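First the structure, in the form of structure tokens, and then the observations on it.
The values are calculated or read from the model by the stated rules, or taken from the named source; none is laboratory data. From a predicted model like this one, the values you see are computed outputs, not experimental measurements. Neighbour counts run over all protein chains shown; Cβ positions are idealised from the backbone, glycine included. Surface areas here come from the heavy atoms of the whole protein model, side chains and all, with no ligands, DNA or RNA. Shrake-Rupley method; radii C 1.70, N 1.55, O 1.52, S 1.80 Å.
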Amino acid sequence: PPGTGFLAGQKITVANGARTFGLYVPASYDPNKGYPLIFALHGDGGDGAGARASMKLEGPAREQAVFVYPDGRNRSWDLDTMPPERNPDVLFFDSVVAKLGESLCLARGRVFVTGHSNGAYMANQLGCWRGGVIRAIAPHSGGGPYDSTNKTYDESGNLVCPGSPVAALVVHGKSDGVVAPSEG
């Protein structure tokens, strides 16, 4: 593996340039055991280190998962570039999954994404666009998914996603003054 513990400043080059992320590999990492891969996405104006500090996910996982804390370009996520195959953040996600799959023993079918605010929007977008890769999402205080170009929505107003359905735990407080709970 690339190492164990928290590994800040990981770099990967994707079609749209160099990107960075933090990586947590359990100290007791066993190369013969498949680990779930969990992405934690920061809100607008944040970064991966801030998401790690605020979400505190590693402790409850008890050394049984690999975590990725990506840094959004300009401290945000691109929710609008369509189709997904041209979206720089979807390409970033795809590249990190592929790279880590080459260097770590990951459990097939056990990729999860969570995020807060703008990161929750991106988690919803990824859940829609990468349903064949992601098993479940857990967005907190976000909305979507949506597509401003395709406009393929069902009779309830929900985006028709091209990927397989994913499980979702959607958390949104009624007193959120930024993102209306109805958006989630």
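The ellipsoid equivalent to the alpha-carbon distribution of the range 1-84 has semi-axes of 24, 15, 12 angstrom, derived from the gyration tensor eigenvalues as √(5λ) and listed largest first. About the centre of its Cα atoms, the range 31-184 shows a dipole size close to 540 debye [charges on the beta carbon of Lys, Arg (+1) and Asp, Glu (-1) only; nearest 20 debye]. Each residue, ARG86 and THR20, gets one label point 7 Å from its Cα in the Cβ direction; the gap between the two is 2.9 nm. For the chain, the longest principal axis of the Cα atoms and the long axis of helix 88-103 meet at an angle of about 30 degrees. Fully extending the segment from THR149 to VAL178 would add 8.0 nm, taking 0.36 nm per residue of separation and subtracting the current Cα-Cα distance.
Okay, helix-only estimate at 222 nm for the chain: each DSSP H run of n ≥ 4 adds -39500 (n - 2.57), divide by all residues, round to 500 deg cm²/dmol; what do you get? Could you put the intermediate results ahead of the total?
Details: 4 runs with 40 residues, N = 184.
Roughly -6500 deg cm²/dmol at 222 nm, from the helical runs in the chain.
Using bins of 10 Å that start at zero, the share of Cα-Cα pairs per bin across the range 112-184 amounts to 22, 52, 25, 1, in whole %. Report the FRET efficiency, 1/(1 + (r/R0)^6), for ILE12 and SER156, where r is their Cβ-Cβ distance and R0 is 25 Å, rounded to 0.05. So, using R0 = 25 Å, E works out to roughly 0.10.
For the chain, modelled as a GNM whose springs connect Cα atoms under 10 angstrom apart, the maximal fluctuation among TYR153, TYR121, TYR35 occurs at TYR153. Here's the list of lysines a cross-link from LYS151 could span, going by alpha-carbon distance under 30 Å and ignoring same-chain residues fewer than 8 apart: LYS174. Averaging 1/r over each pair of different alpha-carbon atoms in the chain and inverting the result gives 16.6 Å, the Kirkwood hydrodynamic radius. Looking at the chain, the DSSP beta bridges with both ends there are about 40 percent antiparallel.
The C-alpha atoms of the chain define a longest principal axis, and helix 118-129 lies at about 90 degrees to it.
Between beta-carbons, use under 10 Å as the cut-off and find the net charge around GLY46, counting Lys and Arg +1, Asp and Glu -1. Before the final figure, lay out the partial values.
On the way: positive: ARG75; negative: ASP44, ASP47, ASP71.
Its environment carries a net charge of -2.
Normalised by the number of residues in the chain, the average gap of Cα pairs under 8 Å and 6 or more apart makes the relative contact order 19 percent. Ligands, DNA and RNA left out, the accessible area of the range 123-184 computed with a 1.4 Å probe is 53% carbon and sulfur.
Length gain on complete extension for the stretch ALA168 to ARG75, per 0.36 nm per residue less the alpha carbon to alpha carbon distance? Length gained, ALA168 through ARG75: 31.0 nm.
Measuring nothing but how far apart in sequence close Cα pairs (under 8 Å, 6+ apart) lie, relative to its length, the range 40-115 scores a relative contact order of 35 percent.
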